[in-house]
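Notes follow once the structure below has been shown.
The values are calculated or read from the model by the stated rules, or taken from the named source; none is laboratory data. Just so it is clear, the structure is predicted and the values come from calculations on it, not from any experiment. All Cβ positions, glycine included, derive from the backbone under ideal geometry; neighbour counts span all protein chains shown. In case anyone asks, the SASA skips ligands and DNA or RNA and just uses the protein heavy atoms, side chains included. Shrake-Rupley method; radii C 1.70, N 1.55, O 1.52, S 1.80 Å.
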2 protein chains.
Amino acid sequence: MTLPNTFELDARDGEARTGRLTTPHGVVRTPAFMPVGTAGAMKGLHWREVRDAGTDIVLGNTYHLMLRPGAERIAALGGLQRFTGWNGPMLTDSGGFQVMSLAQLRKLGEGGVTFRSHIDGSSHELSPERSIEIQRLLGSDIAMQLDECVRLPAERGDIERAMQLSLRWGERSRRAFETAAEGTMLFGIAQGGDVPELRRASARGMVETGFHGYAIGGLAVGEPQAVMLAMIEEVAPLLPADRPRYLMGVGTPQDILEAVKRGIDMFDCVMPTRNGRHGMAFTRLGPVNLANARHADDPRPLDEQSAWPATRSYARAYLHHLVKSGETLGAMLLSEINIAYYQHLMAGIRDAIAQGSFEQFWEQTRAGWAQGDITPR
Amino acid sequence: MTLPNTFELDARDGEARTGRLTTPHGVVRTPAFMPVGTAGAMKGLHWREVRDAGTDIVLGNTYHLMLRPGAERIAALGGLQRFTGWNGPMLTDSGGFQVMSLAQLRKLGEGGVTFRSHIDGSSHELSPERSIEIQRLLGSDIAMQLDECVRLPAERGDIERAMQLSLRWGERSRRAFETAAEGTMLFGIAQGGDVPELRRASARGMVETGFHGYAIGGLAVGEPQAVMLAMIEEVAPLLPADRPRYLMGVGTPQDILEAVKRGIDMFDCVMPTRNGRHGMAFTRLGPVNLANARHADDPRPLDEQSAWPATRSYARAYLHHLVKSGETLGAMLLSEINIAYYQHLMAGIRDAIAQGSFEQFWEQTRAGWAQGDITPR
């Protein structure tokens, strides 16, 4: 049975696409970048700043939320949107990725995965069905199937086993999702590591099962960018053109620009906030390390051409001082500045595709990054 | 020579007073609470939030700023207001208090104090003259004289020696301040520990030297509230009625209310932000510990009657979750909520004095605190 489709493509330019995905909590303009609000909060930002920066949709981590404060509790409090005050679209992951990276004493089998919480050592189980149930309790607009993600490099045998398991879990997830609330969506996830043949098999199997949208998982896990892009090129042509495509956990502005060029519509990454907390700003002229002493006496803003107030108003000297002093405001400002830059990039991408000038935008944007930061003075 | 006076008293009610102090960067409504932006930043808040919460003036710490980023550097960058983006009145302390509490290898003599930085061990000297120079470089609207503050309990001999030294340093500070920018102010500081006779001697000596305003220092350093209030009652009547009076480092909402009743006009304290970072909210019904499990399932806001959006909108369950998860947003929201509560209290105090109903306000406010938080459900 074909699932309903609320994704509308507005324009294409080469393989790049722009459109709108309608969710129960609002419309998402694509290509879209989803900042990661791990445990029901965006580190260093108020929700109004996340929104003001141009964010349509955020990602919540099922693993963190199921452990604390708990899915049933969030449901009783009205769901994640009401609980957190982020009143827009929200995608939740399945929890599987964090179980494998954060939890202790993991045991993975056909049924699912058992593990101990990294917070209090308590025992938990995550199956495809329970993951869907949790995401439903959270009030997610877009749920992800449970999958197994293998870190690269890995043996082909391990990659294939995880890919096949993910396909079976995808089918179970889709069955479990049948009674989900109207308008909510379930995305399948293609695995297959860095093996083209396995990537293609995974994509075909996933499309056969049928989902509202299709994700590519297991990339940006240690492989070179060229490998990541090659895998996208294997998978994207096999996906239905009228469904949204989501590249999970990606990435740098460069990764995003290249993936859009290859037909990807959605992204998520902790990089803007995490790097912001470590003193790094993403700008039109590439990354800037505010901890560097070259900024200590520099009264100039990060980028005087930016439309984002904090980016064009605060002196580099002040940001440098905040970073060196470990002041919370430094992390707050740089996280906000980075999310604003990412969303500015996405808006530029969308406009360029709509106007049929993506190739030019791609060139100009890369030229800016290659130019590098303004000269110290 | 009498110093110019830009303080205007608008009303009195008993000993309580309300007025306006005009500084080069704007007008301060008194009684005023000054949140503490230690190292050029308010922990967990954007400056616009500090302002929106009803703050007229903030305090900057000379000790922190002279060490990092350095007074000369801030001067070259246009002064603290321009450097930080806080474009309002700013009072700076003399640096002496933090030298005694934070710095290493202190050596105090008639000339001043030498110490090593707690940041990098570098050697520094702070004299009354250098303190004034630093505060001038910072662009302070209100500078404080260097003094010696003795922690209580202490021997009378030690208290007296520090008090006399502070008087001599006050005279030197006033001389050093003679060439300061027009409109900027210098406040003297009365010491004398918990000894009424020494407090009175200190107040008389300070008034004889003559300052733009008068501070009471060395209180809220471990003594009971009753002792603090008794010392205010010794000092306040000896101060010129037409000059602003500042009780340094105070305090809880209770302390502030009682001190206003005894004629104090200005306060500063890290408590709203520090306690906020530790999960504590100040409210109309007394303090609330958001880390307590009683809030885990409570959808009610901290205070639905509050005019401050975060106080009346976020669920206690969400704030509890943020605090327990160590999310930055928890510290951000509670710091903001606390500063907003303090400023709401000050606004209530000012209105009540203006309307001649301070006694009633005092009773009602205390009754609210005594009532305690709403019942769990």
Looking only at the stretch A:158-172, which residues are of a type in the set (D, E, K, R) and surrounded by 22 or more Cβ atoms within 10 Å (Cβ to Cβ)? none
Among the residues of the stretch A:271-291 satisfying the criterion of being crowded, with 18+ Cβ neighbours inside 10 Å and among the aliphatic types (A, V, I, L, M), which is nearest to the chain's Cα centre (by Cα)? A:M271
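Only one of A:G109, A:G121 is on the phi > 0 side of the Ramachandran plot, open to solvent by 10 Å² or more (accessible area, probe 1.4 Å), more than 22 Å from the chain's Cα centre (by Cα) and away from every other protein chain (no Cβ under 14 Å). Can you tell me which?
Answer to the check: A:G121.
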Identify all residues within the stretch A:292-318 that are within 27 Å of the chain's Cα centre (by Cα) and closer than 19 Å to B:K43 by Cα; write none if there are none. A:A310
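For the condition of a type in the set (F, W, Y) and under 14 Å from the mean Cα position of the chain (by Cα), what is the one hit in A:F97, A:F83? I'd like the intermediate steps shown before the answer.
Values: A:F83 fails: under 14 Å from the mean Cα position of the chain (by Cα).
Within the list A:F97, A:F83, the selection yields A:F97.
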Hey, can you tell me all the residues within the stretch A:16-30 that are over 16 Å from A:N5 (Cβ atoms) and among the aliphatic types (A, V, I, L, M)? A:A16
For the structure I just gave you, tell me whether A:Q343 is outside the structural domain of A:L247 (by TED's automatic domain parsing), touching a strand residue (DSSP E or B) at 6+ places or on another chain (Cβ under 9 Å), part of a helix (DSSP H, G or I) and of a type in the set (S, T, N, Q). yes
Looking at the structure I just gave you, is A:A331 within 11 Å of chain B (Cβ to nearest Cβ) and open to solvent by less than 20 Å² (accessible area, probe 1.4 Å)? no
When you check A:A201 against the structure, is it more than 26 Å from A:D141 (Cβ to Cβ) and out of contact with any strand residue (DSSP E or B) (no Cβ under 6 Å at 6 or more places or on another chain), yes or no? yes
Search result, residues across the stretch B:225-266 that are within 19 Å of B:V36 (Cα to Cα) and basic (K, R): B:R245
Whether any residue in the stretch B:28-47 is open to solvent by 10 Å² or more (accessible area, probe 1.4 Å), out of contact with any strand residue (DSSP E or B) (no Cβ under 6 Å at 6 or more places or on another chain), in contact (Cβ under 8 Å) with a residue 40 or more places away in the chain and under 24 Å from B:P128 (Cβ atoms) is what I want to check. yes
I'm checking my understanding of the structure. Among residues of the stretch B:59-73 that are within 10 Å of chain A (Cβ to nearest Cβ) and closer than 20 Å to B:H46 by Cβ, which one is most open to solvent (accessible area, probe 1.4 Å)? B:H64
Quick one: B:S306 ticks every box in (1) part of a helix (DSSP H, G or I); (2) more than 14 Å from every other protein chain (Cβ to nearest Cβ) bar one, so which box is it? (1)
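Condition check: in contact (Cβ under 8 Å) with a residue 24 or more places away in the chain and either basic (K, R) or under 20 Å from B:I353 (Cβ atoms) (or both). Does B:G19 satisfy that? Walk me through it before giving the result.
On the way: in contact (Cβ under 8 Å) with a residue 24 or more places away in the chain: yes; either basic (K, R) or under 20 Å from B:I353 (Cβ atoms) (or both): yes.
Judged against the criteria, B:G19 is a match.
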What's the number of the only condition in (1) of a type in the set (D, E, K, R); (2) away from every other protein chain (no Cβ under 14 Å); (3) in a helix (DSSP H, G or I) that B:K324 fails to meet? (2)
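Taking the condition without any contact (Cβ under 8 Å) to a residue 60 or more places away in the chain and assigned by TED's automatic domain parsing to the domain that holds A:V50, does A:D265 pass? Walk me through how you get there before you give the answer.
Working: without any contact (Cβ under 8 Å) to a residue 60 or more places away in the chain: no; assigned by TED's automatic domain parsing to the domain that holds A:V50: yes.
Taking the combined requirement at face value, the residue does not satisfy it.
Which residue, of A:T18, A:T2, A:T62, A:T92, is outside the structural domain of A:D120 (by TED's automatic domain parsing), closer than 22 Å to A:F211 by Cβ and of a type outside the set (G, A, S)? Can you show your working first?
Values: A:T18 fails: outside the structural domain of A:D120 (by TED's automatic domain parsing); A:T62 fails: outside the structural domain of A:D120 (by TED's automatic domain parsing); A:T92 fails: outside the structural domain of A:D120 (by TED's automatic domain parsing).
Selected residue: A:T2, the only one of A:T18, A:T2, A:T62, A:T92 that is outside the structural domain of A:D120 (by TED's automatic domain parsing), closer than 22 Å to A:F211 by Cβ and of a type outside the set (G, A, S).
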So B:G348 ticks every box in (1) surrounded by fewer than 22 Cβ atoms within 10 Å (Cβ to Cβ); (2) more than 9 Å from chain A (Cβ to nearest Cβ); (3) closer than 23 Å to A:L329 by Cβ but one. Which box is left unticked? (3)
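One line per residue, one yes/no per condition, for (1) assigned to a helix (DSSP H, G or I); (2) within 14 Å of chain A (Cβ to nearest Cβ):
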site	(1), (2)
B:W86	no, yes
B:S101	yes, no
B:L105	no, no
B:R136	yes, no
B:L165	yes, no
B:G170	yes, no
Which of (1) more than 10 Å from chain B (Cβ to nearest Cβ); (2) surrounded by fewer than 21 Cβ atoms within 10 Å (Cβ to Cβ); (3) of a type outside the set (V, I, T) does A:D56 not meet, given it meets every other one? (2)
Does B:S313 satisfy being within 11 Å of another protein chain (Cβ to nearest Cβ), without any contact (Cβ under 8 Å) to a residue 24 or more places away in the chain, of a type in the set (G, A, S) and under 21 Å from B:V50 (Cβ atoms)? yes
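So in the stretch A:173-189, with the set limited to residues that are open to solvent by 50 Å² or more (accessible area, probe 1.4 Å) and assigned to a helix (DSSP H, G or I), which one is farthest from A:L219 (Cα to Cα)?
Of the residues in the stretch A:173-189, the ones open to solvent by 50 Å² or more (accessible area, probe 1.4 Å) are A:175, A:178-179, A:181-182.
If we keep only those that are assigned to a helix (DSSP H, G or I) too, we end up with A:175, A:178-179.
Details: A:R175: 26, A:E178: 28, A:T179: 31 Å.
This residue is A:T179.
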Residue hits (the stretch A:128-157; open to solvent by 20 Å² or more (accessible area, probe 1.4 Å) and farther than 19 Å from A:G249 by Cβ) are A:E129, A:R130, A:E133, A:R136, A:L137, A:G139, A:E155, A:R156, A:G157
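Do we have B:G19 as under 20 Å from B:Y341 (Cα atoms) and either more than 13 Å from every other protein chain (Cβ to nearest Cβ) or in contact with a strand residue (DSSP E or B) (Cβ under 8 Å, 6 or more places away or on another chain) (or both) here?
For B:G19, the condition - under 20 Å from B:Y341 (Cα atoms) and either more than 13 Å from every other protein chain (Cβ to nearest Cβ) or in contact with a strand residue (DSSP E or B) (Cβ under 8 Å, 6 or more places away or on another chain) (or both) - is not met.
Per-residue answers, yes or no, for (1) under 30 Å from A:E336 (Cα atoms); (2) in contact with a strand residue (DSSP E or B) (Cβ under 9 Å, 6 or more places away or on another chain); (3) among the hydrophobic types (A, V, I, L, M, F, W, C):
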| position | (1), (2), (3) |
| --- | --- |
| B:L319 | yes, yes, yes |
| B:K324 | yes, no, no |
| B:A331 | yes, no, yes |
| B:D351 | no, yes, no |
| B:A354 | no, yes, yes |
| B:R366 | no, no, no |
| B:W369 | no, no, yes |
| B:D373 | no, yes, no |
| B:R377 | no, no, no |
